[in-house]
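The values are calculated or read from the model by the stated rules, or taken from the named source; none is laboratory data. What you see is a predicted model, and the numbers here were worked out from it, not measured in a lab. Every residue, glycine among them, receives a Cβ derived from its backbone with ideal geometry; neighbour counts consider all protein chains shown.
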Amino acid sequence: MFFRAFFDENLAQMSYLVGCERTGEAIVIDPARCIDPYLKIAKKKGFKIIATAETHIHADFLSGSRELAKNSNATVYVSDEGGESWKYHQVEGVNYMLLKDNITFKIGLVEFQVMHTPGHTPESISFILRDTGTASSQPMGVFTGDFIFVGEIGRPDLLEKSAGLAGSAESGARQMFQSLQRFKELPDFMQVWPAHGAGSACGKSLGAVPMSTVGYEKLSNWALKEDNKENFVKTLLTGQPTPPNYFAMMKKLNKIGPPLVNEAEIEKLESPDELMKYGSNTVLLDTRRPGEFANAHLAGAINIPFNQSFTNWAGELISYDQDIVLIVAQEYAKKIKESLSSIGLDRVVSSIEPALTLLDQERIESYEEVDVQKLRDLLDDEHYHLIDVRNQSEWDEGRIEGADLKTLSSLLDLLDDLPEGKTYLVQCHSGARSAIAASLMQANGYKDVKNVKGGYLAWMKEKFPVKS
């Protein structure tokens, strides 16, 4: 048997390719939308990808199952559990098999047994793997999707918070408790292969280790040690962060079927004058580092640096009905387009080099960055207004006196609530999110804005007073 794990750092997403070396056949579990890594490994190792399987309808990335079905004529294995509301429609037009609890299927000599594990979602299933080509009949491991993570379990509140299904959070938590009892019956030696690692918004505090064992999770995972159902439900539902805005769209697209990836080349603009052809429904997305953007940028552009948080913030701040023009060095344009595509932001219409945009001197803007020492002096001046763009949970733990909470994910909707005629000081935990916020404010007409370098972290290091 051949086994290979794939990790997308931008989404903290895990997927897996499992192959039977006897027959040369392979399957991909929970594939990402960009299927090139799977095709590359399959070709290198001499496998034909004949199938793909999904543990549930994902909320945080677009599935690559339809891409693999188109490219490799792969059969798509998906859940038939959870009731009528959770039927997959994305399988229409491709070869597929619907899976119920305890059904088994094989890829060559590798066997997969379905275990219905509702809680994160009603249709969630796990796959128990056995290599029947060996002398042992014991299961090797289990693909748990968003059911069991390393040190954590999947959150049951996404359907209520992202899809508006009232009451589904508590019912999901109770289903999760029952699913865990079944999980505890698995042999301790079995490996656990989850769909996410640290950094994912699909759980509260996921571990950074990529995989675990059933036995280790029984010893270390809080959810498997809690035997009181009511305590379990309360603990699981308490402190779950607000899900990203784009999760609702991911649920919808993964249920009905994502469109196939547009492979067309990105138009390369040669002059800032060419940007004039785009209307108000176009976002100018500058992906440079915050310091470069602060020094000089094209008026109207927003800044989301191309780093590990890029995909999440793009999904949070860009609408799915907007065209996107990338302001980016040409060598990164294709990679950035792939990152946006991973969450369905497919309307990238063109790209332009940052240096070219800076030739239009009449449309160049900048914003100042101030340190926390300067911030402390400015707070006593009525002409300044401090905006904290951290999350509610961070705010609750401590804040700078006089700050106005406007979380970054909701900032655009709250701009009209800001007092007029002020210079706006924008602050987050470290200065990264506030830099994005400063760009959003300038792009939306709030020109007199300054970013606080180092943010709340730097404020705390100076031992300046905080309010809790």
Matching residues in region 413-426 (surrounded by fewer than 18 Cβ atoms within 10 Å (Cβ to Cβ) and touching a helix residue (DSSP H, G or I) at 6+ places or on another chain (Cβ under 9 Å)) number 3
When every residue in region 100-127 that is of a type in the set (A, V, I, L, M) and touching a residue at least 60 places away in the same chain (Cβ under 8 Å) is compared, the one nearest to residue 254 (Cα to Cα) is 125
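For (1) among the polar types (S, T, N, Q); (2) surrounded by 15 or more Cβ atoms within 10 Å (Cβ to Cβ); (3) in contact (Cβ under 8 Å) with a residue 40 or more places away in the chain, each residue gets a yes or a no:
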| residue | (1), (2), (3) |
| --- | --- |
| 227 | no, no, no |
| 230 | no, no, no |
| 236 | no, yes, yes |
| 240 | yes, yes, yes |
| 253 | no, yes, yes |
| 256 | no, no, yes |
| 259 | no, no, yes |
| 269 | no, yes, yes |
Checked region 285-317 for anything surrounded by fewer than 19 Cβ atoms within 10 Å (Cβ to Cβ) and touching a strand residue (DSSP E or B) at 6+ places or on another chain (Cβ under 7 Å); matches are 296, 299, 300
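So that you can scan it fast, the table gives a plain yes or no per residue for (1) surrounded by 15 or more Cβ atoms within 10 Å (Cβ to Cβ); (2) closer than 20 Å to residue 437 by Cα; (3) not assigned by TED's automatic domain parsing to the domain that holds residue 419; (4) not aromatic (Phe, Trp, Tyr):
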residue: 359; (1), (2), (3), (4): no, no, yes, yes
residue: 373; (1), (2), (3), (4): no, no, no, yes
residue: 378; (1), (2), (3), (4): yes, yes, no, yes
residue: 383; (1), (2), (3), (4): no, yes, no, yes
residue: 392; (1), (2), (3), (4): no, yes, no, yes
residue: 395; (1), (2), (3), (4): yes, yes, no, no
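Residue-wise test of (1) in a strand (DSSP E or B); (2) surrounded by fewer than 20 Cβ atoms within 10 Å (Cβ to Cβ).
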{"position": "135", "(1), (2)": "no, yes"}
{"position": "143", "(1), (2)": "yes, no"}
{"position": "160", "(1), (2)": "no, yes"}
{"position": "164", "(1), (2)": "no, yes"}
{"position": "171", "(1), (2)": "no, yes"}
{"position": "182", "(1), (2)": "no, yes"}
{"position": "186", "(1), (2)": "no, no"}
{"position": "189", "(1), (2)": "no, yes"}
{"position": "216", "(1), (2)": "no, yes"}
Return yes or no: is residue 343 surrounded by 14 or more Cβ atoms within 10 Å (Cβ to Cβ), closer than 18 Å to residue 62 by Cα, in contact with a Gly (Cβ under 6 Å, 6 or more places away or on another chain) and touching a residue at least 40 places away in the same chain (Cβ under 8 Å)? yes
Note on residue 111: of the conditions (1) within 18 Å of residue 18 (Cβ to Cβ); (2) outside any strand (DSSP E or B); (3) of a type in the set (Asp, Glu), unmet is (2)
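Let's see how each residue does on (1) aliphatic (A, V, I, L, M); (2) farther than 25 Å from residue 244 by Cβ:
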site: 129; (1), (2): yes, yes
site: 142; (1), (2): yes, yes
site: 157; (1), (2): no, no
site: 162; (1), (2): no, no
site: 185; (1), (2): no, yes
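If I ask for residues that are among the small types (Gly, Ala, Ser) and either in contact with an Asp or Glu (Cβ under 9 Å, 6 or more places away or on another chain) or at pLDDT below 95 (or both), which ones from region 415-442 would you list? Walk me through it before giving the result.
Taking region 415-442 first, the residues among the small types (Gly, Ala, Ser) are 421, 430-432, 434-435, 437-439.
Once the filter is applied, which keeps residues that are among the small types (Gly, Ala, Ser) and either in contact with an Asp or Glu (Cβ under 9 Å, 6 or more places away or on another chain) or at pLDDT below 95 (or both), region 415-442 yields 421, 431, 434, 435, 438, 439.
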Within region 427-446, the count of residues that are in a loop (DSSP other than H, G, I, E, B) and either aromatic (Phe, Trp, Tyr) or under 12 Å from residue 415 (Cα atoms) (or both) comes to 3
Sole miss for residue 90 among (1) touching a strand residue (DSSP E or B) at 6+ places or on another chain (Cβ under 8 Å); (2) modelled with pLDDT of 95 or more; (3) closer than 30 Å to residue 316 by Cβ is condition (2)
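Matching residues to (1) assigned by TED's automatic domain parsing to the domain that holds residue 135; (2) touching a Phe, Trp or Tyr at 6+ places or on another chain (Cβ under 6 Å); (3) surrounded by fewer than 18 Cβ atoms within 10 Å (Cβ to Cβ); (4) modelled with pLDDT under 95:
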{"residue": "12", "(1), (2), (3), (4)": "yes, no, no, yes"}
{"residue": "17", "(1), (2), (3), (4)": "yes, yes, no, no"}
{"residue": "27", "(1), (2), (3), (4)": "yes, no, no, no"}
{"residue": "43", "(1), (2), (3), (4)": "yes, no, yes, no"}
{"residue": "64", "(1), (2), (3), (4)": "yes, no, no, no"}
{"residue": "85", "(1), (2), (3), (4)": "yes, no, yes, yes"}
{"residue": "105", "(1), (2), (3), (4)": "yes, yes, yes, no"}
Subset of region 283-319, residues touching a helix residue (DSSP H, G or I) at 6+ places or on another chain (Cβ under 9 Å) and closer than 22 Å to residue 248 by Cα, comes to 283, 304, 309, 310, 311, 313, 314, 315, 316, 317, 318
